[in-house]
Amino acid sequence: MEGASYQRFPKVKIRELKDDYAKFELRETDASMANALRRVMIAEVPTIAIDLVEIEVNSSVLNDEFIAHRLGLIPLTSERAMSMRFSRDCDACDGDGQCEFCSVEFHLRAKCIGDQTLDVTSKDLYSSDHTVVPVDFSDSGAGYENPEDQRGITIVKLRKGQELRLRAIARKGIGKDHAKWSPAATVTFMYEPEIHINEEMMETLSLEEKTSVVESSPTKVFALNPQTHQVEVVDPEAYTYDDEVLKKVEAMGKPGLIEVYAKEDSFIFTVESTGAVKASQLVINAIEVLKQKLDAVRLLEDTVEADDQFGELGAHMRGG
């Protein structure tokens, strides 16, 4: 119907929030928007990662390329990534990617002078910008008991007389270009399940049959009330759409005893961050990136309409 509006106003409800973990509900929207948000969080939210390594001295057992690859995968705190420039678009350094607006410089100098093996870790990287440093996992509530476990991410091990000196340049990028720039360890969503039990039909089952129905679910979705001996839904979100309980009731000759529906406008998201940005900021940045992409589509539609209206003049006005 011409002139009808299909605009929707999605709602978000936070269920659990930590620095590196978030669980929230996304309601009153459809799967296309939920999946777009998920894909943007994984592949298009920018972070900062080491992209260029200049080895000065390396007498370790690992070759230069191996060390460079390990350095690139170390997550760096990236709160300022959204405001940084991409090195390819930076006019301050003509795309060289080595200026304060589009890069951060790191240095590492380590030499083993004793008989004990020296572990060179991410904490040995010294940054030119105090806001961009290797992620410190000892502050994430991991509950390390041994101080030795708080030394950072191991880069290489050195024996007596071995040395490593290098300079590294970290740049802004997105996961679509390389996985080292992805801020998300994992992002998943599921349809919120709605489970109905036919109480009248359930009353016709014996206690053993009710128990078998409860135990047929691989996850603890149902439970048998010890007082009333009624089958109850205790955790609908534990349902994994495996259909095992539905197959069980059908095999018992009781189709319709339990029915499961997926709410097509309600989703439950689980987000785990690599530590480059907090999980909450990851979601906010993803929404901002998605808005920018939608604005670009809207601008393109306006440009196409101008071309249709003015023909060659419209194309000429935008340089076509």
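The values are calculated or read from the model by the stated rules, or taken from the named source; none is laboratory data. Please read these numbers as outputs of a predicted model, since none were measured by experiment. Every residue, glycine among them, receives a Cβ derived from its backbone with ideal geometry; neighbour counts consider all protein chains shown. When the accessible area is computed, the model is the full protein with side chains, heavy atoms only, and any ligands, DNA or RNA have been set aside. Shrake-Rupley method; radii C 1.70, N 1.55, O 1.52, S 1.80 Å.
Descriptive notes on the structure:
- Residue 176, sole failed condition from (1) surrounded by 14 or more Cβ atoms within 10 Å (Cβ to Cβ); (2) not in a helix (DSSP H, G or I): (1)
- Filter result for residue 264 (charged (D, E, K, R), surrounded by 13 or more Cβ atoms within 10 Å (Cβ to Cβ) and either within 20 Å of residue 34 (Cβ to Cβ) or without any contact (Cβ under 8 Å) to a residue 12 or more places away in the chain (or both)): no
- Flag: residue 149 matches the condition of being at pLDDT below 95 and in a helix (DSSP H, G or I).
- For residue 114, the conditions (1) farther than 25 Å from residue 176 by Cα; (2) part of a strand (DSSP E or B); (3) modelled with pLDDT under 95 are fulfilled apart from (2).
- Evaluating residue 282 against the criteria (1) in the same structural domain as residue 219 (by TED's automatic domain parsing); (2) surrounded by 13 or more Cβ atoms within 10 Å (Cβ to Cβ); (3) not charged (D, E, K, R) leaves one unmet condition, (1).
- Residue in the stretch 31-54 that is surrounded by fewer than 21 Cβ atoms within 10 Å (Cβ to Cβ) and touching a Pro at 6+ places or on another chain (Cβ under 8 Å) present: yes
- Residue 65 passes every criterion in (1) of a type in the set (Asp, Glu); (2) touching a residue at least 12 places away in the same chain (Cβ under 8 Å); (3) farther than 30 Å from residue 286 by Cα apart from (2).
- Residue, nearest to residue 184 (Cα to Cα), within the stretch 9-32, restricted to residues that are of a type in the set (Asp, Glu) and in contact with a strand residue (DSSP E or B) (Cβ under 7 Å, 6 or more places away or on another chain): 20
- Some residue of the stretch 82-104 being modelled with pLDDT of 95 or more, open to solvent by less than 70 Å² (accessible area, probe 1.4 Å) and either among the aromatic types (Phe, Trp, Tyr) or closer than 21 Å to residue 277 by Cα (or both): no
- Options 77, 131, 117: the member that is open to solvent by 10 Å² or more (accessible area, probe 1.4 Å), among the β-branched types (Val, Ile, Thr) and more than 30 Å from residue 162 (Cα to Cα): 131
- Residue under evaluation residue 61, criteria (1) open to solvent by 10 Å² or more (accessible area, probe 1.4 Å); (2) outside any loop (DSSP other than H, G, I, E, B); (3) closer than 16 Å to residue 121 by Cα, criterion not met: (2)
- Of the residues 228, 204, 240, the single one that is open to solvent by 50 Å² or more (accessible area, probe 1.4 Å) and under 30 Å from residue 36 (Cβ atoms) is 240.
- Selection from the stretch 58-73 of residues that are aliphatic (A, V, I, L, M) and more than 16 Å from residue 157 (Cβ to Cβ): 68, 73
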